[in-house]
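S.K.: First the structure, then my questions, so here it is.
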Amino acid sequence: MSQEEKNIISRRQFLDLGIKGTLASTVIAGFPTIVPASVFGKNAPSNRINIGAIGTGRISRGHDMPGVWKHDNAQIMAVCDVDGNRADLAKKLVNEYYTKKSGKDFDGVKTYTDYRELLLNKDIDAVLVSTPDHWHAPIVIHAVGAKKDVYMQKPASLTISEGRMMADAVKKSGRIVQVGSQQRSSNQFRYAAELVRNGRIGTLKTVYVGLPGDPSGEEEAEMPIPKNLNYDMWLGTTPEVFYTEKRVHPQVGFDRPGWLRCEQFGAGMITGWGSHHIDCAHWAMNTEHTGPIEIWGKADFPKKGLWNVHGIFTTEAMYENGVRMVVSNELPNGIKFEGTEGWIFVSRGDSSVTASDPIAKQMAAKALDASDPKIITSVIGENEIHLPVSKDHHGNWLESVVSRKEPIAPAEVGHRSCSACLLHHAAMKLNRKLYWNPKKERFVNDPEANLLLAREQRKPFAIKG
């Protein structure tokens with residue numbers, strides 16, 4: 001058998017395996033390993049990180065691709081979307097950016113509609129994963145198995161079980177994975193966490209997390225599947241349901257997509273924004289690698305309509321260190337740390353990631369506030385706790401890809417933040433107190449609650465740990 005014939009067979013085997021966790025050990029070994037850029041000199045061609053963008057909708061176009069292409073040591077060389085029109089528009093967008101940046105015509109971007117094909121490209125060093133939530137963990141597992149570094153959008157997973165599989169796969173692979181919890185790269189969130197850790201408000205007692213809300217919708221009729229959309233692959237591991245545009249994304253433009261409000265593909269704002277705020281709360285609480293031990297609360301869920309994620313809710317959790325967390329969309333959007341000697345409130349202020357972000361509209365919203373102004377003018381001393389500094393979340397990831405040092409929002413931490421959100425979601429669904437073992441990542445003596453840790457996965461897209 002010729003080497004060319006062997007390569008064709010290997011490629012077919014790679015695609016047939018889909019997104020199974022056994023990919024790394026059974027297939028990738030047959031492909032050349034990419035030598036990290038850090039091995040070469042500063043001016044070597046391999047010093048540039050070649051990137052493929054998987055998922056090219058609103059968050060990719062407005063945040064992830066621009067966050068990467070502004071750095072001279074990285075280049076987006078491929079784009080992928082199950083919607084062929086979006087893939088073509090992404091190619092046009094990237095080519096136009098590099099044309100403008102270089103002053104010369106640029107046409108160096110390759111398009112894909114199947115991310116597995118993109119992962120076969122040996123010239124790609126790393127990928128951006130900017131897909132709907134239900135595809136985050138499966139693609140990351142597949143990508144690190146293919147020896148790619150990853151920047152993944154939050155939340156880390158659709159279920160706690162998937163998140164654990166993802167975090168374990170990342171650890172085993174040794175790849176660099178940054179979770180898109182970009183608030184860690186905002187000065188006010190890091191500074192607030194440092195102030196709390198260094199006792200500026202005394203002993204921390206309660207954390208209040210305010211999230212935006214999401215409106216429900218009407219029933220939607222079945223529509224023909226657009227020829228440019230691979231809807232079966234878009235559904236991925238989730239159950240087969242009829243196509244309607246508001247379940248997926250707009251066919252014209254890049255407004256906020258409807259899948260964000262469908263529980264089949266995500267849990268709603270509790271993970272959508274909760275992954276940001278609870279992550280930063282954990283940072284300040286020094287609970288990044290654990291989780292709550294008790295969770296309770298209630299929520300309103302739509303009784304009809306396509307969009308069925310939670311509405312108004314209030315949930316609470318207790319941590320082993322005695323700190324209580326309250327999460328609700330009836331609180332101001334941000335995080336309030338309340339201690340024995342005062343409080344600190346931190347938020348994004350008036351900033352947003354994309355134009356369609358559902359930020360609570362507040363007049364002159366403060367990014368950082370406190371019960372006493374002296375708290376937030378405090379200087380963190382040389383011998384006090386200093387947290388890692390990142391001023392650019394995508395840039396921090398690229399630095400880690402070169403240095404091979406852990407980024408500011410690694411996979412395990414992102415999983416723990418997401419799992420805490422999903423615990424609050426479980427309390428909403430069951431409407432009773434739940435007891436959680438953060439070491440075993442199981443509910444205590446509660447078979448009904450443990451059924452919520454995973455979802456049945458549709459073949460051929462199922463992943464396995």
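The values are calculated or read from the model by the stated rules, or taken from the named source; none is laboratory data. Just so we're clear, the structure is a prediction, and the values are computed from it rather than from any experiment. For neighbour counting, all protein chains shown are included, and Cβ atoms are generated from backbone atoms with ideal geometry for every residue, glycine included. Surface areas here come from the heavy atoms of the whole protein model, side chains and all, with no ligands, DNA or RNA. Shrake-Rupley method; radii C 1.70, N 1.55, O 1.52, S 1.80 Å.
S.K.: When you scan the range 74-111, how many residues do you find that are without any contact (Cβ under 8 Å) to a residue 60 or more places away in the chain and part of a strand (DSSP E or B)?
M.R.: Count: 8.
S.K.: Just to be sure, is Tyr208 open to solvent by less than 10 Å² (accessible area, probe 1.4 Å), hydroxyl-bearing (Ser, Thr, Tyr) and not in a helix (DSSP H, G or I)?
M.R.: Criteria not met by Tyr208.
S.K.: Can we say Pro226 is part of a loop (DSSP other than H, G, I, E, B), under 21 Å from the mean Cα position of the chain (by Cα) and in contact (Cβ under 8 Å) with a residue 60 or more places away in the chain?
M.R.: When the stated conditions are applied, Pro226 does not pass them.
S.K.: Looking at Ala267, Ala281, which is the one that is outside any loop (DSSP other than H, G, I, E, B) and surrounded by 21 or more Cβ atoms within 10 Å (Cβ to Cβ)? Before the answer, list the steps.
M.R.: Values: Ala267 fails: outside any loop (DSSP other than H, G, I, E, B).
Every option except Ala281 fails the conditions.
S.K.: Condition (residue is open to solvent by less than 10 Å² (accessible area, probe 1.4 Å), at pLDDT 95 or above and either of a type in the set (A, V, I, L, M, F, W, C) or at negative phi (or both)) applied to the range 90-98: is it met by at least one residue? Don't jump to the end; show me each part of the working.
M.R.: Residues of the range 90-98 that are open to solvent by less than 10 Å² (accessible area, probe 1.4 Å), as a first pass: 90, 94.
Cutting the leftovers down to at pLDDT 95 or above gives us 90, 94.
Filter again for either of a type in the set (A, V, I, L, M, F, W, C) or at negative phi (or both), leaving 90, 94.
Within the range 90-98, one or more residues are open to solvent by less than 10 Å² (accessible area, probe 1.4 Å), at pLDDT 95 or above and either of a type in the set (A, V, I, L, M, F, W, C) or at negative phi (or both).
S.K.: Further, regarding this structure: Being crowded, with 22+ Cβ neighbours inside 10 Å and either out of contact with any strand residue (DSSP E or B) (no Cβ under 7 Å at 6 or more places or on another chain) or in a helix (DSSP H, G or I) (or both) is the filter here, so list the residues in the range 397-417 that pass it.
M.R.: Hits for the range 397-417 are Trp397, Leu398, Val401, Ile408, Ala411, Val413, Gly414, His415, Arg416, Ser417.
S.K.: Inside the range 116-144, can you point out the residues that are touching a helix residue (DSSP H, G or I) at 6+ places or on another chain (Cβ under 6 Å) and among the polar types (S, T, N, Q)?
M.R.: Ser130
S.K.: Here's another thing I want to ask about it. May I ask you to say which residue of Asn445, Asn431, Asn437 is without any contact (Cβ under 8 Å) to a residue 40 or more places away in the chain and of a type outside the set (D, E, K, R)?
M.R.: Asn445
S.K.: Working only within the range 377-395, note down all residues that are part of a helix (DSSP H, G or I) and open to solvent by less than 20 Å² (accessible area, probe 1.4 Å).
M.R.: Correct list: His393, His394, Gly395.
S.K.: Exactly one of (1) at pLDDT 95 or above; (2) touching a Ser or Thr at 6+ places or on another chain (Cβ under 6 Å) is unmet by Ile293. Its number?
M.R.: Answer for Ile293: the failing condition is (2).
S.K.: Ok, one more. Pairs, please: C-beta under 8 Å, at least 6 apart or cross-chain, first residue closer than 14 Å to Asn286 by Cα and in the range 321-332, second of a type in the set (A, V, I, L, M) and open to solvent by 50 Å² or more (accessible area, probe 1.4 Å)?
M.R.: As it stands, the answer is Arg324/Met318; Met325/Met318, since those pairs meet every condition given.
S.K.: Being of a type in the set (A, V, I, L, M, F, W, C) and either open to solvent by 10 Å² or more (accessible area, probe 1.4 Å) or more than 10 Å from the chain's Cα centre (by Cα) (or both) is the filter here; which residues of the range 133-157 pass it?
M.R.: Trp135, Ile139, Val140, Ile141, Ala143, Val144, Ala146, Val150
S.K.: For the range 403-447, which residues satisfy the criterion of being within 14 Å of the chain's Cα centre (by Cα) and among the polar types (S, T, N, Q)?
M.R.: Correct list: Ser417, Ser419.
S.K.: A further question on this structure: Applying the selection to the range 172-189, what residues are hydrophobic (A, V, I, L, M, F, W, C) and assigned to a helix (DSSP H, G or I)?
M.R.: Phe189
S.K.: If you don't mind, there's one more thing I want to ask. Tell me which of these Glu288 doesn't satisfy, since it passes every other one: (1) over 29 Å from Asn187 (Cα atoms); (2) open to solvent by 20 Å² or more (accessible area, probe 1.4 Å); (3) in contact with a helix residue (DSSP H, G or I) (Cβ under 6 Å, 6 or more places away or on another chain).
M.R.: (1)
S.K.: Among the numbered conditions (1) in contact with a Leu (Cβ under 7 Å, 6 or more places away or on another chain); (2) surrounded by fewer than 20 Cβ atoms within 10 Å (Cβ to Cβ), tell me where Gly213 comes up short.
M.R.: That leaves (1) as the condition not met.
S.K.: Quick check on this structure: which one of Ala192, Ala169, Ala156, Ala143 is in contact with a Cys (Cβ under 8 Å, 6 or more places away or on another chain) and either at pLDDT below 95 or in a helix (DSSP H, G or I) (or both)?
M.R.: Testing whether each residue is in contact with a Cys (Cβ under 8 Å, 6 or more places away or on another chain) and either at pLDDT below 95 or in a helix (DSSP H, G or I) (or both) leaves just Ala192.
S.K.: Here's something else I'd like to know. Which residues, taken from the range 284-297, are outside any loop (DSSP other than H, G, I, E, B), within 14 Å of Lys433 (Cβ to Cβ) and under 24 Å from the mean Cα position of the chain (by Cα)?
M.R.: Ile295
S.K.: Quick one: His71 ticks every box in (1) assigned to a loop (DSSP other than H, G, I, E, B); (2) open to solvent by less than 30 Å² (accessible area, probe 1.4 Å) bar one, so which box is it?
M.R.: Here His71 meets the rest and fails (2).
S.K.: Got a number for residues in the range 231-243 being surrounded by fewer than 15 Cβ atoms within 10 Å (Cβ to Cβ) and in a loop (DSSP other than H, G, I, E, B)?
M.R.: The number of residues fulfilling the criteria is 4.
S.K.: Given the structure, is Thr271 more than 19 Å from the chain's Cα centre (by Cα) and among the polar types (S, T, N, Q)?
M.R.: Considered against the rule, which asks whether it is more than 19 Å from the chain's Cα centre (by Cα) and among the polar types (S, T, N, Q), Thr271 comes out as no.
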